[in-house]
Structures are given as structure tokens and as C-alpha cells.
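J.: First the structure, which I've put down as C-alpha cells, then a few questions once you've had a look.
The values are calculated or read from the model by the stated rules, or taken from the named source; none is laboratory data. Please read these numbers as outputs of a predicted model, since none were measured by experiment. No Cβ is skipped: glycine too gets one built from the backbone with ideal geometry, and neighbour counts run over all protein chains shown.
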Amino acid sequence: MSSDRQDKDFCLAELARTSGEWLRGDGPESDIVISSRVRLARNVAGFPFITRAAADVRFQIVQQVQAALKSEILGRPVHHVNVETLTSLDSQLLMERQLISRELARGDGPRAVAISEGERHSVMINEEDHLRIQVLHSGFALDDCWQECDALDNQIEATVPFAFHPQLGYLTACPTNVGTGIRVSVMVHLPALRVTREIQKVHQAAQKINLAVRGLYGEGSQAMGDFYQISNQMTLGKSETDLIAEVQEVVSHIIGWERKVRDLLLRDNKSQLHDQVARAFGTLTSARSISSEETMLLLSSLRMGIRLGLVSNLDVAAVNELFIHTQPAHLQKLHGAELETADRNVARANFLRKRLGSSSLG
């Protein structure tokens, strides 16, 4: 066990039945922006980077960080999870939840994550760096994320000294994170740009100022269900506010493009758009077997249909939740047993029919 602070009452099966605050479907520009995130990379002074840290050193780092967080994160109750002893299914559940990374899930030795009630804040311990401090908000709310992330950073640094160089800034394992150590990202839903094959505009706009466009689960992942993460790649030489402003500017343009294309589709191809949403709704409410990938794509059309007034008795928060709850680990947790792929596809279809049974097309 990584630490005696491991929570005995934190039930991952129960977590699978709920949804984090970042999925609630509100906040600024929430028709396009699913969530905003600010993450800080930090290392504890006096300890080697993770690649050179022995198991006993990693254990000490876990203990120091958990002691700094004690029983709360910014006034919210905190749950400490020992990632080292998690099953692969539970690790995948936390990944689907955006609470831990693949690197932390697949790492070795003592490692942990601290999660605040509501899942707005989390701190990964012993990933690529000693700490990855994360704040997630629903909608386009980077300024709010930064204020809370800065406060959480201060809460930890009050008792845990960070590795810092007066000229370089915060020292990190990867040179691209040296300086502020900040990663700013926004998860956007862009079905109209994808349908009209104008999604390349997003990549071009991002590349001009060295931003990355990634899939639902960040680095190394593919776009699923028309979800994309826009984030900065470099931190050295720029302040936190400068980096946030750059991402805000590009995302604001992307929001404008997506809205414009949606309006054009609704004006010029309303019957075709309605047919697309109707076919998605029909499949989701009648299929007897359905894959995760197809579910994501169909839910994407359904989510756009809600925003365009084509679907009734269903809100965006419910669809956001379905995106997560139909992922493999969540589905198996809800089912109460591990399932082979074919059985998961049947269970997913049953789950969708039950959840969408009271909804209808406008």
C-alpha cells in the first residue's frame, strides 16, 4: 500500500454510478465546450525525478503530498486512492473519468491520486513528475480553473517545497513543461466541422501558435465522438496568464466556426440534419448490440440535436453522462462483472435503451 491515507470508504463501483461536476453541461459556451482544465507539473525539492527515484523515495513523496492535502482540497473533502494496488479495470475507470492519466495507471511502484468531492480537483502523485495538480470545470472557464489551480498549488507548497530555479522556473521531467509547468486544455465538441470536413481549420489554427489538438483522452488518443482537446505544448518563457489567453483566443475562434457551420446546416440542410439526428436516436434506442466507438459517434449527433432543438425530454448533461457511462470500465462496473467485448456491446445497448426510453424526437 502506498500510504496509510488510502480511503477505505471510497467505492469505485459507486463512483461509476455518478458523474463529476465537469459533465453537468453548463458553464460558458457549454453548447460547444464540454470542459476546461488547468494542470500544473511540480516536483518535490530534494528528490530525484521519477525515472531515477527508487520505490522508497516514491513512497516518501506520496506520504508528503498526502500529508499536505490532509483531509481536504480547497475546503472540499478529499479521497486518497492507492493507484499501485488498483485492478486494471479500476484504473481504466479513473482514466475514463479524466482523473488519472495512462502514464499513472500503467506506471509502477508507489503512486496515488487525491480526488476532491465532486471531482473538480485531483492531484496525481508519481506520474511523469512527482505531482500533477488538476482542476476541471464545466464549460469554457479557464480563468476559474486557473484561480483554483493556483490556490491548490499554494495549499500544497505551504508544506511541500517544490523544485524551482530562479531563471528557469519550476523544474520538470520533460523540458517542454519547464517554467510555469502549466498545461491548459479545453475539450470541445465539433460535430458540424467534422461533418463538413472543415475540422482541418482547427488543426491549422492551433498549429500557428504551437497548440496541440488531441483526442478525448489527451496525448496519444484519437478523436472519438467529435471530441477534441485543444492545449498548449510549451510553457518556458511565457506566463500562466499569457498561455491561458492564447488558448482562449484560439478556442473562441473555434467556437465561432462551429456555431456558424451549425447555423448553416440548420438553415440549408435542416431535413438532412434532422434525418441524421433521427437515425442516431433510432439506433441508440433500438440496437441490441453496439460498440463504444459507434455509441460515441451517435451520441455526438444526439448532443448536437438537443442544442438545435431537434430532441425533447433529454438534456445535455444526460448525454454527457452517457458518453462516460457507456465506456468499457464504467459499463462493467455498472454491470457488476467483467465482460468480454461482445457481451459489453450487448450490455451497452441494453443500458442505452433503458436510459433513453423516455426521450423523443422533436
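J.: Restricting the search to the range 279-299, which residues are surrounded by fewer than 16 Cβ atoms within 10 Å (Cβ to Cβ) and more than 23 Å from the chain's Cα centre (by Cα)?
T.: R279, G282, S286, R288, S289
J.: Only one of Q207, Q248, Q229 is modelled with pLDDT under 85 and not small (G, A, S); which? Talk me through it step by step, then tell me what you get.
T.: Values: Q248 fails: modelled with pLDDT under 85; Q229 fails: modelled with pLDDT under 85.
Matching residue, one of Q207, Q248, Q229: Q207.
J.: Next question, about the same structure. Output yes when any residue across the range 130-153 is over 15 Å from the mean Cα position of the chain (by Cα), part of a loop (DSSP other than H, G, I, E, B), outside the structural domain of G336 (by TED's automatic domain parsing) and modelled with pLDDT of 95 or more, and no when none is. Outline the logic, then answer.
T.: Taking the range 130-153 first, the residues over 15 Å from the mean Cα position of the chain (by Cα) are 130-131, 143-144, 146-153.
Narrowing further to those that are part of a loop (DSSP other than H, G, I, E, B): 130.
Then drop every residue that is not outside the structural domain of G336 (by TED's automatic domain parsing), which leaves 130.
After this cut, where a residue has to be modelled with pLDDT of 95 or more as well, the list is 130.
Yes, some residue in the range 130-153 is over 15 Å from the mean Cα position of the chain (by Cα), part of a loop (DSSP other than H, G, I, E, B), outside the structural domain of G336 (by TED's automatic domain parsing) and modelled with pLDDT of 95 or more.
J.: Right, here's the next one. Under the condition of being among the small types (G, A, S) and within 17 Å of L168 (Cα to Cα), which residue from the range 225-249 is surrounded by the fewest Cβ atoms within 10 Å (Cβ to Cβ)?
T.: From the range 225-249, those among the small types (G, A, S) are 225, 231, 237, 239, 245; that's our starting set.
The next check asks that each one be within 17 Å of L168 (Cα to Cα); those that pass are 237, 239.
Numbers: G237: 11, S239: 13.
Step by step, filter the range 225-249, then rank; the result is G237.
J.: Restricting the search to the range 303-357, which residues are β-branched (V, I, T), at pLDDT below 95 and either assigned by TED's automatic domain parsing to the domain that holds D26 or assigned to a helix (DSSP H, G or I) (or both)?
T.: Within the range 303-357, I306, V316, V319, I324 qualify.
J.: Quick one: in the range 186-201, which of the residues that are part of a helix (DSSP H, G or I) and touching a helix residue (DSSP H, G or I) at 6+ places or on another chain (Cβ under 7 Å) is surrounded by the fewest Cβ atoms within 10 Å (Cβ to Cβ)?
T.: The initial filter retains those residues of the range 186-201 that are part of a helix (DSSP H, G or I), namely 191-195, 200-201.
Still in the running and touching a helix residue (DSSP H, G or I) at 6+ places or on another chain (Cβ under 7 Å): 191-193, 201.
Numbers: P191: 25, A192: 24, L193: 22, K201: 17.
Looking at the filtered set, the residue picked out is K201.
J.: Additional query: Given the condition modelled with pLDDT of 90 or more, in a helix (DSSP H, G or I) and closer than 30 Å to V184 by Cα, answer yes or no: does some residue in the range 273-288 qualify?
T.: no
For (1) polar (S, T, N, Q); (2) closer than 24 Å to I34 by Cα, each residue gets a yes or a no:
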| residue | (1), (2) |
| --- | --- |
| Q66 | yes, no |
| H79 | no, no |
| L86 | no, no |
| S101 | yes, yes |
| D108 | no, no |
| E117 | no, yes |
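J.: Select from the range 39-54 the residues that are exposed (fewer than 12 other Cβ atoms within 10 Å of the Cβ) and in a helix (DSSP H, G or I) and write down the one among them that is nearest to the chain's Cα centre (by Cα).
T.: Ranking the qualifying residues of the range 39-54, first place goes to T51.
J.: Check whether at least one residue in the range 120-140 is touching a residue at least 24 places away in the same chain (Cβ under 8 Å) and surrounded by fewer than 19 Cβ atoms within 10 Å (Cβ to Cβ), and report yes or no. Reasoning before the result, please.
T.: Let us first name the residues in the range 120-140 that are touching a residue at least 24 places away in the same chain (Cβ under 8 Å), namely 120-121, 123-140.
Next, from what is left, pick out any that are surrounded by fewer than 19 Cβ atoms within 10 Å (Cβ to Cβ): none.
No - not one qualifying residue is present in the range 120-140.
J.: For A163, indicate whether it is more than 29 Å from S252 (Cβ to Cβ), touching a Phe, Trp or Tyr at 6+ places or on another chain (Cβ under 9 Å), at pLDDT 95 or above and surrounded by fewer than 24 Cβ atoms within 10 Å (Cβ to Cβ). Spell out how you get there, then give the answer.
T.: On the way: more than 29 Å from S252 (Cβ to Cβ): yes; touching a Phe, Trp or Tyr at 6+ places or on another chain (Cβ under 9 Å): yes; at pLDDT 95 or above: yes; surrounded by fewer than 24 Cβ atoms within 10 Å (Cβ to Cβ): yes.
Yes, satisfied.
J.: Let me ask you something else. Please go through the range 65-115 and pick out each residue that is more than 18 Å from the chain's Cα centre (by Cα), surrounded by fewer than 20 Cβ atoms within 10 Å (Cβ to Cβ) and assigned to a helix (DSSP H, G or I).
T.: Hits for the range 65-115 are A67, A68, T85, S88.
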